[in-house]
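Read-outs: derived from the displayed coordinates by stated rules, not from any lab. For clarity, every value in this text was computed on a predicted model and none was experimentally measured. With ideal geometry, Cβ positions are generated from the backbone for all residues, glycine too; neighbour counts draw on all protein chains shown.
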Amino acid sequence: MKLTTLLTSVAAVAAMAFAGVASASAESTLEIVKKRGHVRCQVGPASPGYYFLDSKGEWQGLDVANCHAVAAAIFGDISKLEIQSVSTQARFTSLANGDSDLLSRTATWTMSRDTQLGIDFLTPTFYDGQGFTVPKDSGIKTGMDLKGAKVCVTSGTTTESNLNDFSRTNNLNISAVTFEDFNVRDETYLQGGCDAVTGDKSSMAGNISAFPVPGDHLILPDTLSKEPLAPAVRHGDNQWADIVRWAQFAMINAEELGITSANVDDLKANSKNPSIRRMLGVEGDLHKGLGLEKDWAYNIIKQVGNYGENYDRYMGNGPQGIGIPREGSSNALWTKGGLMYSPPMR
Amino acid sequence: MATGVSGSEAVRVKPQEKFNFFQDERVRSVFFQILTVAIVGWLAWFLASNTAQNLDKRGLSFGFEFLDLVAPFDPDFKLISFTAGVDTYWRIFIIGILNTLYISFLAIIGMSFLGFSLGIMRLSNNWLISKVALAYVEIARNVPLLIQIIFWYSVIYAVLPRLKQSLDLSFGAELAFLNIRGLYVPWPVLGDLLWMTFLALAIAAIATYLFRRWVQKRQDLTGKSFPLLLPSAAILIIFPGLVFLLTGSPLSWDIPELKGFNFVGGASLPRAFIALLIALIFYHSAYLAEAVRAGILSVNKGQGEAAMAIGLRPNKVFSLVTIPQAMPAIVPPMISLWMNVVKNSSLATAIGYADLVAVYMQTSLNTAGHAIEIVGMTMGFYMITSLTISGLLNIYNKRVQLVER
Amino acid sequence: MAYVSTKSTPSRKPPLNESTPLGWVKVNMFSTLFSSVLSIFVLIAIFFTLKSLLTWGIFDGVWIADSRRECFSISIDGACWAGIIAWFDSIFYGLYPRDEIWRINLGGILLVIWMVPLWLPRVQGKVFIGFSAVALYPFLAGYLFSGGDKGIFVQVMISGAIVCIAALTINAAIGYFKNDNLANFIIQRLGKNDATEKQQRNILLGILAACVVAVFIWQLSWIEKSISWTRWGGLFLTFVIAGVGIASALPGGILLALGRRSKLKAVSILSIGFIEIFRSVPLITVLFMATTMFPLFMPEGIVLNKLVQVIIAVCLFNACYMAETVRAGLQAIPKGQFEGAHTIGLGYWGTMGLIIMPQALKHMIPNIVGTFIGLLKDTTLVSIIGLFDLLNILRTISRDKPWLGLHQETLVFGALIFFILCFAMSKYSRHLEEKLSTSHK
């Protein structure tokens, strides 16, 4: 009996040692995060451009930059961050359960998700649209040529239901081949397992750049859907939502004002522009509303960069970029005809 | 003895007897059992109350009504029909079970054949053959099944031709095709009068059985043997064949044909199915080979030598003396391997074959929620299958024991 | 006399037998026509398989390149091992911060130091070495790997572990070189040979306590940077999961097996139920259960992270398999052993711990190691639920921009690592079985 008691108590103690005891929900997310000492942010299994591991074991990408920005805003240190990888299917429940503070994982902002899942979407990081990739030599010119085709798609996403809608609307009788994993989906397509891949055009562009002969593949002009990809937080904590939202706006605003990670120190010291001075915390009390330090936006720009820098690095033509042109797309700044627009910071 | 106990000893014994009440085995046993049940009961209550509380907090409910809801997706491999937008989660559950059983059944047949052959190869006199079998066994057993499945799926399959260059397995007759998307074979379309052929086949089978018994009896009585193979074959083929022709050949074939983007008609097996099947067979046959080898080695050497001494030829010794005696040692591990095949087929979820775990425990769980119900139902299916198989094993063990003693 | 030949008959030539290489080949590969045909066929098949494998993997393989494109430009058909080399650290340490990798290495070295005395001759107290490795090492390693603040309980265990490893190492050295043990050595040095046993014990306990207190005070200032479980990965994570599973499956399995054979009805029914439930379902369903249902089971406020959920699931699952292995071993012990133990007055735990288990475990070594191998292989399943174990890291390589699409090489590499580990384990178990075998053959 003694032995059993001992074992039980040891097991209990060990379990307590490992189990993080989360605090009661009365505390705000910001307080919890500050007490914990780092931000928890969820991304997905590696996908080029948005979130991927480099050979040093560090997460990088446009969506990861959101996570970095929040950590920089709160702690002034992008390394105060814990990144988890969640599967497509578990992402919303996992956020709602409190496994993380922020979901930055190419999730499409839809009404049902925003209103029914206990989560709130913030500003889109990337405006995307669903399309088809086909081999160039297949002779397919538009989506209407796909009658009776097999199309590879990842399961449990809006992509799958958009494909069904497209097929039904146009009477195409497309059969979907579903995959849990991007890797397997693309491999199957490359080996001829399906006639086309459907997915967000941006991510497909990234994937095509990885194919053995990128020039052999073509993205069709059809756009099946609007895909505003936005980060999400748990419903009900407005202060936390504000922090994440304005961390994003700060990056967009910085680009508009011409602040980059390279010149931010100089501008902070010498700029006469009141917008820049307010944003970087030289004058005014903008930070108080968020409950952050004065230099929260400065830290973001200094350590993460503005939106344009991140876009070039990961989505554009940087060494790790996947080469999606920004000019003339929805992802250009509003001053250049795109949709990237930040409310004024004053 | 009792009368001889002195006073002082009686005094010493008495408190010990009192103590014995707690030391008494029955008392202790009851006490411990109550304690165990209490602890387990408390644990169950604790978990259940937590769950109820958590469900309540998240605004979830417990119940099986969701099974009547329309499932918003369409499994890409199914043995029974499924209409997207009409059929329910319950049908998804059934489709998943059928898919799991279907691939398990085929894998069990394949791995049993291959495993027996490999086991015998392992004992071959030919050094080369036995070493090749050994290498096969070691590789298959020491590489995780999941890696093997992904390997077969993505690497080996890459050698198959594309759609337009499909491999014609019927050598130009354009009946069966193999390409990157899977295997396409003709599928029988049953005519109205086909049941008569089946009836004829059954009659022929019974006739063959009676014929064999007669031959056996005759051999036992007279020692003379009678040719068995040819007459049986004749009965089995000619009679049903005649009936088939007389009823007007009521059977046609639906042949796969390339139309547009795909083969239409016939029956097709998707690539994930084939990869999973190969991996399951490859992996489990190695374990079976070892069981078969151990079983054969467990048969006393003298048995074989004695059989040789009475003049049986080596292959007769093997099939009539060694194997029958090895079976009791082979069958139990073989049946538990069968169970492993059923369980391991759940790794299908990694490559997208629509087995029970993939369509029900993953996709349905994701779209419908209800984790407890869905996990419970899935596990329940595996438990029932497992109980059935171990029940079969028990029956077999009883029969073998009766024969032995 | 006339019947006896005066000349000795010339000795016959020895038959072509296995003593010459040629004879060996003939007997073992070309004894009959059928066998010869098979042999030739197999030889040809082996030749072509090996040739294409070697060409792909070695002769045409690319070892130095910066990206997969560069590999293609060097050799289009060869394997691109350069990707594996570039990702080497990640494959072994996952996402662990590169500056902190020494902690994993140190943890590994400590484990080796702890366990090596088990294999040295003349070292005493091997059972204690094994037990302490299971009971104390996990706390030391756990803190080393995860860092951060440590509770008072963990601090005590860490101090105990540090003292223990030091004592064990000295003990091993003394045992190996002087054929003695540490306790005797200290007593002799102190010149207390003549003291009573009780005094000696008190002296030793005093020294032990002093050491633990000293180490405890030292470790108060020892604080490592906290590293989240989300950064654990690669072969390291595979080893952590398998290690915890192995360390807990055997004790858990023994308890469950004893429970199953218990005369107490309630205990045995519960044990059977538990064992059979877990044995009849696939591991992947248990893992899904752990990740979807554990959060519901926990009382408000306690959140288990995914790694802990997975480890609990793996431990429960494997304990049940181990229970069946142990039960089979127990069944092989003749009844006389139980009766003999009872006769000399041993109770239940005494009988089991001193008489039955040592014999049963010895019989079971191959099966136990078989279960361990199964456990190691099963750790690959955690990649399905998103942990970055070896397999998942290998699959992630193909998502890194320079190495996009690198699938075959990574899978082959993973298969090779697992093959080496599992094959070594099974070979060692066979060796151990022969070494420990006391039966007369």
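Here is how the numbers come out for the structure above:
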{"quantity": "Choice from C:Lys335, C:Lys13, C:Lys150 with maximal GNM fluctuation in chain C (Cα, 10 Å cutoff)", "calculated": "C:Lys13"}
{"quantity": "Square roots of five times the Cα gyration tensor eigenvalues for the range B:255-405, Å", "calculated": "42, 23, 12"}
{"quantity": "Over 24 Å [Cα-Cα, the range A:208-328], rounded percent", "calculated": "42"}
{"quantity": "Surrounding net charge for A:Ala254, when Lys and Arg each add one and Asp and Glu each subtract one, Cβ distance under 11 Å", "calculated": "-2"}
{"quantity": "Rounded to the nearest 20 debye, dipole of the protein assembly as shown from Cβ charges on Lys, Arg, Asp, Glu", "calculated": "4560"}
{"quantity": "Sequence-distant lysines (8 or more away, or on other chains) whose Cα lies within less than 17 Å of A:Lys141", "calculated": "A:Lys150, A:Lys201"}
{"quantity": "Cβ-Cβ FRET estimate between B:Leu229 and B:Ser252, R0 fixed at 25 Å, reported to 0.05", "calculated": "0.20"}
{"quantity": "Quotient of Cα Rg and 2.2 N^0.38 Å for chain B, N being how many residues it contains", "calculated": "1.41"}
{"quantity": "Per-residue HN-Hα couplings for the range C:291-299 [Karplus 6.51, -1.76, 1.60; θ = phi - 60°; Hz; x = Gly/Pro]", "calculated": "7, 8, 9, 4, x, 6, 6, 6, x"}
{"quantity": "Chain B: relative contact order as a whole-number percent, Cα under 8 Å and 6+ apart", "calculated": "22"}
{"quantity": "Gaussian network model of chain A, Cα within-10 Å springs - most flexible of A:Gly281, A:Gly148, A:Gly139", "calculated": "A:Gly139"}
{"quantity": "Charge dipole (the range C:113-212, unit charges on Cβ, about Cα centre) - positive-most of C:Tyr137, C:Gly148, C:Pro121", "calculated": "C:Pro121"}
{"quantity": "Residue of A:Thr158, A:Thr115, A:Thr123 that the Gaussian network model of chain A assigns the largest fluctuation, springs spanning Cα pairs under 10 Å", "calculated": "A:Thr115"}
{"quantity": "For B:Leu210, C:Leu106, order by how many other beta-carbon atoms lie within 10 Å, fewest first", "calculated": "B:Leu210, C:Leu106"}
{"quantity": "Pair A:Asp285, B:Ala202: separation of 7 Å Cα→Cβ label points (nm)", "calculated": "9.3"}
{"quantity": "Per residue, the convex hull volume that the Cα atoms of the range C:210-321 enclose (Å³)", "calculated": "188"}
{"quantity": "Percent of C-alpha pairs per 20 Å bin, the protein assembly as shown, short to long", "calculated": "9, 34, 35, 17, 5, 1, 0"}
{"quantity": "Calculated over the range A:108-156: convex hull of Cα atoms, volume per residue (Å³)", "calculated": "133"}
{"quantity": "Cut-off 12 Å between beta-carbons: net charge of the residues surrounding B:Tyr136, Lys and Arg +1, Asp and Glu -1", "calculated": "+1"}
{"quantity": "Orientation-averaged projected area, Cα convex hull of the range C:205-275 (nm²)", "calculated": "9.2"}
{"quantity": "Relative contact order computed over the range A:26-66 (Cα-Cα under 8 Å; 6+ residues apart), in percent", "calculated": "25"}
{"quantity": "Whole-angstrom gap from the range C:324-351 to the range A:278-296, using each part's C-alpha centre", "calculated": "74"}
{"quantity": "Estimated dipole of the range A:129-226 in Debye, rounded to 20 [Cβ of Lys and Arg +1, of Asp and Glu -1, Cα centre]", "calculated": "280"}
{"quantity": "Whichever lysines have a C-alpha closer than 23 Å to that of A:Lys268, once near sequence neighbours (fewer than 8 apart) are set aside", "calculated": "A:Lys288, A:Lys294, A:Lys302"}
{"quantity": "Euclidean distance of C-alpha centroids, the range C:163-237 and the range C:414-437, integer Å", "calculated": "31"}
{"quantity": "Ranked list, fewest to most other Cβ atoms within 10 Å of each Cβ, for C:Ile174, C:Ile272", "calculated": "C:Ile272, C:Ile174"}
{"quantity": "Radius 13 Å from Cβ of C:Ala323, net charge of other residues (Lys, Arg +1; Asp, Glu -1)", "calculated": "+2"}
{"quantity": "Kirkwood-based Rg to Rh ratio, the range A:129-226, C-alpha trace", "calculated": "0.91"}
{"quantity": "Spatial extent of chain C: Rg and Dmax, with the Cα atoms as the point set, Å", "calculated": "28.8, 110"}
{"quantity": "Overall Cα dimensions of the range C:68-212 - principal axes, largest extent first, Å", "calculated": "80, 38, 21"}
{"quantity": "Exposure proxy order (Cβ contacts within 10 Å, fewest to most) of A:Asp242, C:Asp66", "calculated": "C:Asp66, A:Asp242"}
{"quantity": "Distance between the range B:106-146 and the range A:79-129 - C-alpha centres, whole angstrom", "calculated": "48"}
{"quantity": "Over the range B:244-317: Kirkwood hydrodynamic radius from C-alpha pairwise inverse distances, Å", "calculated": "18.1"}
{"quantity": "Distance histogram in 10 Å bins (all Cα pairs of the range C:1-91, percent per bin)", "calculated": "14, 20, 15, 15, 17, 7, 5, 4, 3, 0"}
{"quantity": "Whole-Hz couplings from phi, Karplus 6.51/-1.76/1.60, listed for the range B:208-224; x for Gly and Pro", "calculated": "4, 4, 4, 4, 5, 4, 5, 4, 4, 4, 4, 5, 4, 6, 9, x, 8"}
{"quantity": "Distance (nanometres) between label positions extended 7 Å along Cα→Cβ at C:Ile44 and B:Ile139", "calculated": "1.9"}
{"quantity": "Convex hull projection area averaged over all views, chain A, Cα basis, nm²", "calculated": "21.9"}
{"quantity": "Relative contact order for the range A:129-226, counting Cα pairs under 8 Å that sit 6 or more residues apart, in percent", "calculated": "49"}
{"quantity": "No Cys partner within the rule (Cβ under 4.7 Å), the protein assembly as shown", "calculated": "C:Cys164, C:Cys211, C:Cys315, C:Cys320, C:Cys422"}
{"quantity": "Only Lys, Arg (+1) and Asp, Glu (-1) charged, at Cβ; chain B dipole about Cα centre in debye", "calculated": "1380"}
{"quantity": "Distance in nm between pseudo-label sites at B:Leu123 and C:Thr20 (7 Å out along the Cβ direction from Cα)", "calculated": "3.3"}
